[in-house]
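For reference, the structure discussed in these notes is given below.
The values are calculated or read from the model by the stated rules, or taken from the named source; none is laboratory data. Computed from a predicted structure; not experimentally measured. Here the Cβ positions follow ideal geometry from the backbone for every residue, glycine too, while neighbour counts run over all protein chains shown. Heads up: the accessible areas ignore ligands, DNA and RNA and are worked out on the full protein's heavy atoms, side chains in. Shrake-Rupley method; radii C 1.70, N 1.55, O 1.52, S 1.80 Å.
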Amino acid sequence: MIDIKDLSVSYRDRLALEKLSLKIVGPTITGIIGPNGAGKSTLLKGMLGIIDHEGQTLLDDKPLEKELENVAYVEQKVNIDYNFPIKVRECVSLGLYPRIKLFRKLKAKDWDKVAAALDLVGLTDYADRQISQLSGGQFQRVLIARCLVQEADYIFLDEPFVGIDSVSEEIIMDTLRQLRDQGKTILIVHHDLSKVTSYFDQIILLNGHLVAAGDVETTFTEKNMKETYGSQIFMTGGV
Ligand code: ADP
Ligand code: MG
């Protein structure tokens, strides 16, 4: 279980996330939904403790910041360097490092895990390519494979589907559903409202503060969406 207690984040003197308290009980695929600037990325970073914040997040009753090896996190794409000279299989193997000693040579069974993860996301044939040679969707699948080998119980993905092809998106969602069915708790920052009912078990609606959270059936309502998006909702043609 994730237990967020009074989490607030300010950038300089501007409040980006206001005193958010919330429990997320897995296994689940939970969407974090809200307009641009709503604090979605800030919520994940605050939970992870990688930015200044007030309040605390517990992961199974322990501070989440101390349990980072049990959380696989893929940040929003803008921040990732595609041109880093590394092969696909090496990039995926980086997911092993929270659990093994840095600079220890990987063993055959570690590479088997990498190969299995690449197989699951349909990239076996790309294992020896440079990541700079991949499409955006293929690269996002590499990042998902890296999460898989980490064998974390919690997976946080920030806008994983932006700018990727629909085949990659389907492969990633299928993989995530399998992981949820194995017991994992998955949080996905997402802004395409048309996918909400097919992708998520639960949603968290944000607009600088928590608007609502809960099962999709009870939470994805016109009233809540208007409160989250204001008049923007009419332009998206969402609900
Ligand atoms: P979202 O992911 O929902 O689009 P963010 O969490 O990235 O929103 O940002 C929430 C608010 O905080 C926005 O107004 C954004 O401009 C601001 N913000 C985000 N990161 C920083 C930063 N590093 N410095 C200053 N302001 C920031
Ligand atoms: Mg964001």
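Rg over Rh of region 189-231, using C-alpha atoms and the Kirkwood radius, what does it come to?
The Rg/Rh ratio comes out at 0.91.
What a 1.4 Å probe finds exposed on the chain is 48% carbon and sulfur by accessible area, rounded to a whole percent. Computed with a 1.4 Å probe over protein heavy atoms only, the accessible surface of the chain comes to 50 Å² per residue.
As a calculated quantity, the FRET efficiency between TYR82 and GLU227 at R0 = 41 Å, using C-beta atoms, amounts to about 0.65. Pairs with C-alpha atoms separated by more than 23 Å, drawn from the list LYS5/LYS77; LYS5/LYS62; LYS45/LYS77; LYS87/LYS107; LYS19/LYS40; LYS66/LYS109, are LYS5/LYS77; LYS66/LYS109. Exposed loop sites were defined as chymotrypsin sites (Phe, Trp or Tyr not before Pro) in DSSP loop states (anything but H, G, I, E or B) carrying at most 16 other C-beta atoms within 10 Å; in the chain the longest segment without such a site runs 104-239. Here is how the number arises for the chain: DSSP H runs of 4 or more residues each give -39500 (n - 2.57), the sum is divided by the residue count, and the result at 222 nm is -9000 deg cm²/dmol.
Once each part is reduced to its C-alpha centroid, what is the distance from region 32-68 to region 136-188 in angstrom? About 19 Å separates the Cα centre of region 32-68 from the one of region 136-188.
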